[in-house]
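Let me begin by presenting the structure, written as structure tokens, before commenting on it.
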Amino acid sequence: MAAGFVAPQIKHAICAILVLPFLVTTAIAADIFLDWHVSTDFNLKPVSTDQPVITINRMFPGPLINATTNDVIHVNVFNHLDDPLLFTWNGIQQRLDSWQDGVSGTNCPIPAGWNWTYDFQVKDQIGTFSYFPSINFLKAGGGFGPIRVNNRPVISVPFPKPEAEFDLLIGDWYSTSYKDIRYTLSTAKALPPDWMLINGKRPYMNNFSVSYESINVTQGKTYLLRISNVGTTWSFNFRIQNHQMVLVETEGSYVNQIELESLDVHVGQSYSVLVTANEDAADYYIVASPKMSNATDNSTLVGVAVLHYDNSTTPAKGSLPSGPDPFDVQFSINQAKSIRWNLTTGAARPNPQGTFNVSNVTISETFILNASVATIDGLSRYTVNNVSYLTPDTPLKLADYFSNGTGVYELDAFSKNSSNAKAVRGVFVASALHKGWTEIVLKNSLDRIDTWHLDGYSFFVVGMGEGEWSRESRLSYNLYDPVGRSSVQVYPGGWSAVYVYPDNPGMWNLRSQNLQSWYLGEELYVRVYDADPNPAKEKPPPPNLLLCGKYEPPAPTPAPSVSPTPSAPSSNACNLHKTRYLIAMITTVICFFYIGAH
């Protein structure tokens with residue numbers, strides 16, 4: 001065979017190799033472009049009081065982000081508020097890109113009157129998540145919404161396709177302005193919220209309710225309910241009159257399917273349940289009642305919606321379905337322990353999620369973190385190991401990138417295993433060994449249920465219990481099929497333990513999801529450092545990086561002013577997706593033209 005001769009089959013193979021990357025990228029990922037105009041609305045009146053409600057494109061709750069695994073999401077946020085603003089994407093792992101995490105330690109806030117674009121990928125994830133404002137106590141005023149990350153067609157889910165899906169954003173609500181609560185917290189402890197809203201609406205049949213949430217179903221059909229606790233303080237128990245629920249997923253992990261009459265959902269947590277409309281055609285109560293509370297059925301703190309059969313002429317009637325004793329902690333612990341990872345089903349990637357097992361891992365280090373309250377400089381503060389987090393003017397991520405943290409924080413200045421001798425305010429940044437398994441024990445010295453969340457990761461909930469944690473508590477750990485999630489509850493006077501594998505470099509927020517606790521200092525940051533500068537291991541700063549604090553330029557160029565009214569989402573929603581496809585087609589034509597010419 002002559003040296004210059006290439007068989008036609010080989011030419012076709014070369015063309016296929018050239019085109020394949022474009023086609024694969026096109027097949028498995030799309031770009032989603034969103035314009036969000038964030039403003040306050042005094043006319044919504046969720047609880048019949050004059051208060052500012054934070055809306056996105058005039059919506060409360062905010063719009064759904066509906067994505068598929070590996071999609072890239074671009075959210076251009078226009079800040080019409082009179083406060084600086086950041087959004088965080090609760091449970092989205094921001095793989096190799098903590099620059100998009102949207103918390104005070106990673107991003108400069110978007111100033112009032114400015115806009116800024118988040119660009120992040122929902123990499124190798126599926127499931128039910130949420131977003132909300134992360135600073136200035138803004139979450140108490142709204143601005144939250146649902147995130148769905150759907151499976152790719154090549155990855156099957158462990159249940160038949162439901163007739164439809166519904167997002168249920170349930171959470172407590174203050175009857176006063178979030179600004180007033182924020183001001184109160186600067187001098188005293190605020191009272192807890194006194195309402196429970198379902199998708200931003202008041203309880204069904206409440207005297208003040210003009211509207212309430214109703215879910216329409218067809219008899220005999222099965223539906224997926226995506227339930228998120230978007231509140232600030234109260235855990236709740238969720239149930240539906242005369243209907244059972246089948247639990248299938250939590251925060252990105254498929255679980256062993258269990259049938260439940262009710263489900264505890266703690267602040268910041270999300271679940272997916274299947275509900276079959278297998279009762280007589282009528283309307284039925286949907287109830288979310290607070291844990292650790294004596295709230296009665298007619299209390300504003302009991303959220304009530306309606307499951308409406310589409311051929312029903314019978315309104316919901318009778319007493320609300322009863323739930324477990326709200327003070328029965330053991331019931332809650334037992335239910336939590338019954339939620340196990342499904343080791344046999346697929347995951348966001350082609351390999352089964354259960355192939356990653358923690359039964360034989362070696363723990364490299366242990367964090368023991370105790371949440372409590374202390375008086376510091378005459379003010380009540382929430383602390384972690386007796387340290388109340390003090391937010392610096394300069395985000396930690398900026399300081400880490402530009403000066404290795406110098407002048408902003410000192411790494412491991414506070415112990416991650418024991419409490420400081422004296423309660424102090426400080427910038428608590430703890431190191432975690434890159435790719436070394438870490439055990440985190442979370443202890444609760446508070447008088448209410450706490451919830452802890454770790455950005456950037458899904459961790460394995462290996463154990464929880466009442467009383468003091470000790471090394472012997474490890475004997476009770478479930479290392480066979482612990483569920484993977486990003487938020488875990490810790491009961492009063494109790495503990496919860498998680499395993500996490502720090503393979504995602506960055507600066508990651510570890511916090512209480514209870515907003516008052518978080519706002520008053522119950523948080524720290526975990527620095528995961530990889531010395532390899534390869535951008536494939538951690539992305540460089542985005543080109544639109546905002547600078548502030550000690551790195552603020554002396555004469556910054558103002559960002560374009562935000563437009564006065566919301567606009568529709570960008571019509572270029574998939575332009576990049578189409579461009580990839582066009583490149584693939586052009587490459588194909590050139591290849592085959594070349595083959596024909598030779």
Would you mind computing, in nm to one decimal, how far apart the modelled labels at residue 404 and residue 418 are, each placed 7 Å from Cα along Cα→Cβ?
2.9 nm
With the label point 7 Å along the Cα-to-beta-carbon line of residue 338 and a cut-off under 18 Å to each amide N, the hits in region 260-277 are 260-266, 271-276
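Mind running the shape call on region 319-403? Use the C-alpha gyration tensor, a ≥ b ≥ c as the square roots of the eigenvalues: rounded below 1.5 for a/c, prolate if a/b tops b/c, oblate otherwise.
oblate
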Within the chain, the percent of DSSP beta bridges that are antiparallel, given to the nearest 5, stands at 70 percent
Would you mind calculating the gained length between residue 330 and residue 156 on full extension (0.36 nm times residue separation, minus the Cα-Cα distance), in nm to one decimal?
59.1 nm
Taking a probe of 1.4 Å, how large is the accessible area per residue of the chain, in Å²?
41 Å²
At a Förster distance of 56 Å, what's the computed FRET efficiency of residue 175 paired with residue 473, Cβ-Cβ distance as r, to 0.05?
0.85
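D for the chain, whole µm²/s, Stokes-Einstein with Kirkwood Rh over alpha-carbon pairs at 37 °C and 0.692 mPa s: what number?
Taking Rh from Cα pairs, D becomes 129 µm²/s.
Give me the percent of the accessible area of the chain that comes from carbon and sulfur atoms, probe 1.4 Å, all protein chains in place. Write out the running numbers ahead of the final one.
Working: 13550 of 24620 Å².
Of the solvent-accessible surface of the chain, carbon and sulfur hold 55 percent.
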Show me the helices of the chain, taken as full DSSP H stretches, that run 20 Å or more along their long axis by Cα and average -0.5 or above in Kyte-Doolittle hydropathy.
8-28, 575-597
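Could you work out how much longer the chain between residue 183 and residue 433 gets when fully extended? Use 0.36 nm per residue separation minus the Cα distance between them, nm to one decimal.
86.1 nm
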Alpha carbon centroid spacing (whole Å) that separates region 229-301 from region 478-509
22 Å
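Please report the relative contact order for the chain, taking Cα pairs under 8 Å with a sequence separation of at least 6, and give it as a percent rounded to a whole number. Don't jump to the answer; show the numbers that get you there.
Numbers: 1484 pairs, mean separation 95.8, N = 598.
The normalised contact order for the chain reaches 16 percent.
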Considering amide H positions built from the backbone, and no H for Pro or chain starts, which residues 5 or more places from residue 195, or on another chain, come under 5 Å of its amide H?
173
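Using packing as a proxy for protection, rank 98-107, 332-341 so that the peptide with the highest average count of other Cβ atoms within 10 Å comes first.
Packing order, densest peptide first, comes out as 98-107, 332-341.
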Between residue 194 and residue 322, Cβ-based FRET efficiency (R0 22 Å, step 0.05) works out to 0.50
For residue 537, the lysines lying under 24 Å Cα to Cα, once residues fewer than eight places off in the same chain are dropped, come out as 123, 397, 435
Which lysines have a Cα less than 16 Å from the Cα of residue 221, not counting those fewer than 8 places away in the same chain?
161
Could you list the residues of region 425-467 with an amide nitrogen less than 17 Å from a label point located 7 Å from the Cα of residue 537 in the Cα-to-C-beta direction?
432-437
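Taking the Cβ of residue 514 as the centre, find all other residues whose Cβ is under 10 Å away and add up their charges (Lys, Arg: +1; Asp, Glu: -1). Mind showing how you got there, number by number?
On the way: positive: 448, 511; negative: 450, 522.
Counting the neighbours of residue 514, the net charge comes to 0.
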Taking the simple approach of a point 7 Å from Cα along Cα-to-Cβ for both residue 292 and residue 214, what is their distance in nm?
3.6 nm
Relative contact order computed over region 137-204 (Cα-Cα under 8 Å; 6+ residues apart), in percent
36 percent
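Taking the highest mean first, how do the peptides 261-272, 374-385, 69-80, 357-368 order by number of other beta carbon atoms within 10 angstrom per residue?
261-272, 69-80, 374-385, 357-368
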With a 10 Å radius around each residue's Cβ, average the other Cβ atoms per peptide and rank 188-195, 434-441, highest first.
434-441, 188-195
Would you list which aspartates and glutamates come within 13 Å of residue 416, measuring only between C-alpha atoms, while excluding same-chain residues fewer than 8 positions from it?
365, 439, 523
Region 448-482: GluC sites (Glu not before Pro) in DSSP coil with no more than 11 other Cβ atoms inside 10 Å
468
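The values are calculated or read from the model by the stated rules, or taken from the named source; none is laboratory data. Keep in mind that what you see is a predicted model, and the values were worked out from it rather than measured. In this analysis, Cβ positions are derived from the backbone assuming ideal geometry, glycine residues included, and neighbour counts consider all displayed protein chains. Remember, those area values only see protein heavy atoms, side chains included, never the ligands or the DNA or RNA. Shrake-Rupley method; radii C 1.70, N 1.55, O 1.52, S 1.80 Å.
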